[in-house]
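Peer 1: Right, I'll just put the structure down here and ask away after.
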Amino acid sequence: MNISDIIAPERVVCDLDASSKKRVLEKISDMIVTNTSSTMATQDIVDSLTARERLGSTGIGYGVAIPHGRVKTTDKTIAAFVQLHEGIDFDAADNQSVDLLFALLVPEESTDEHLQLLAQLAEMFSDESFRTQLRATKDQDAIYKLLSSWKKTN
């Protein structure tokens with residue numbers, strides 16, 4: 001699956017102010033509900049993302065987090081991206097604050113697709129030059145193009 005299949009320009013936000021992990025997860029949830037045709041409720045998304053965070057932080061290092069969760073009320077995978085104005089504590093394994101978040105919601109019964117997407121995202125965000133480009137870009141459409149055009153290099 002391509003990133004462009006799951007994200008849309010209106011679900012990309014740059015230079016967002018958020019003071020905590022809880023607040024950024026709420027803002028991501030609001031953004032997803034506002035910018036999809038799904039019947040998902042904001043609180044269901046917040047609950048799903050928060051429940052996953054309780055299992056262990058989705059902060060993968062290098063200032064990146066991939067909050068993700070399963071949702072009963074969707075039959076398709078939906079993503080959102082947030083670039084924060086300033087990094088926040090996300091309990092990441094490397095103890096670095098997080099300023100880039102790629103949120104992923106999958107249908108409740110999704111398994112293989114979910115794991116493949118997480119692996120693809122982990123690879124994408126392990127690319128230092130890609131992270132640098134995302135941080136340097138302050139335009140929503142330009143960030144969307146970077147995300148949707150990323151290709152795995154062999």
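Each reported figure results from applying straightforward, stated rules to the coordinates on display, with no laboratory input. Owing to the predicted nature of the structure, the values given are computational and were not obtained by experimental measurement. No Cβ is skipped: glycine too gets one built from the backbone with ideal geometry, and neighbour counts run over all protein chains shown.
Peer 1: Place a +1 charge on the Cβ of each Lys and Arg in the chain and a -1 charge on the Cβ of each Asp and Glu, then give the dipole magnitude about the Cα centre in debye, rounded to the nearest 20.
Peer 2: 80 debye
Peer 1: I've got another one for you. Compute the relative contact order of the chain as a whole-number percentage, counting only Cα pairs closer than 8 Å that sit 6 or more residues apart in sequence.
Peer 2: Relative contact order here is 28 percent.
Peer 1: On a C-alpha basis, how far is the centre of segment 34-51 from the centre of segment 123-154 in Å? Whole number, if you could?
Peer 2: 25 Å
Peer 1: Continuing with the same structure: Out of the DSSP beta bridges found with both residues in segment 69-154, what percent are antiparallel (nearest 5)?
Peer 2: Rounded to the nearest five, the antiparallel share is 70 percent.
Peer 1: While we're on this one: Say each of Leu115 and Ala8 gets a label point 7 Å from the Cα, pointing the same way as Cα to Cβ; how far apart are those two points in nm?
Peer 2: 3.0 nm
Peer 1: Give a quick list of trypsin sites (Lys or Arg not before Pro) in segment 1-85 that DSSP marks as loop, anything other than H, G, I, E or B, with at most 14 other Cβ atoms within 10 Å.
Peer 2: Lys72, Lys76
Peer 1: Which net charge results when you count Lys and Arg as +1 and Asp and Glu as -1 among the other residues whose beta-carbon is under 10 Å from that of Thr77?
Peer 2: Around Thr77, the charge tally is -2.
Peer 1: Same structure, new question: Taking the DSSP beta bridges in the chain as the whole, what percent of them are antiparallel, to the nearest 5?
Peer 2: Of the beta bridges lying entirely in the chain, close to 50 percent run antiparallel.
Peer 1: Please give the length that would be gained between Asp91 and Lys22 if that part of the chain were fully extended, namely 0.36 nm times their separation in residues minus their C-alpha to C-alpha distance (nm, one decimal).
Peer 2: Result for the pair: 23.6 nm of gain on full extension.
Peer 1: Now a separate question. What's the tally of Lys pairs in the chain whose alpha-carbon atoms lie under 27 angstrom apart, where the two lysines are 8 or more places apart or on different chains?
Peer 2: The number of close lysine pairs in the chain is 16.
Peer 1: Along the Cα-to-C-beta direction of Ser37, a point sits 7 Å from the Cα; which residues of segment 93-119 have their amide N less than 20 Å from that point?
Peer 2: Residues 105-108 fall inside that zone.
Peer 1: Measuring from the lowest to the highest alpha carbon on each principal axis, how far does the chain reach, largest first, in angstroms?
Peer 2: Largest to smallest, the principal-axis extents are 36, 32, 26 Å.
Peer 1: Where does the charge balance sit around Val12 when Lys and Arg score +1, Asp and Glu -1, over other residues with C-beta under 10 Å from its C-beta?
Peer 2: Here the count lands on -1.
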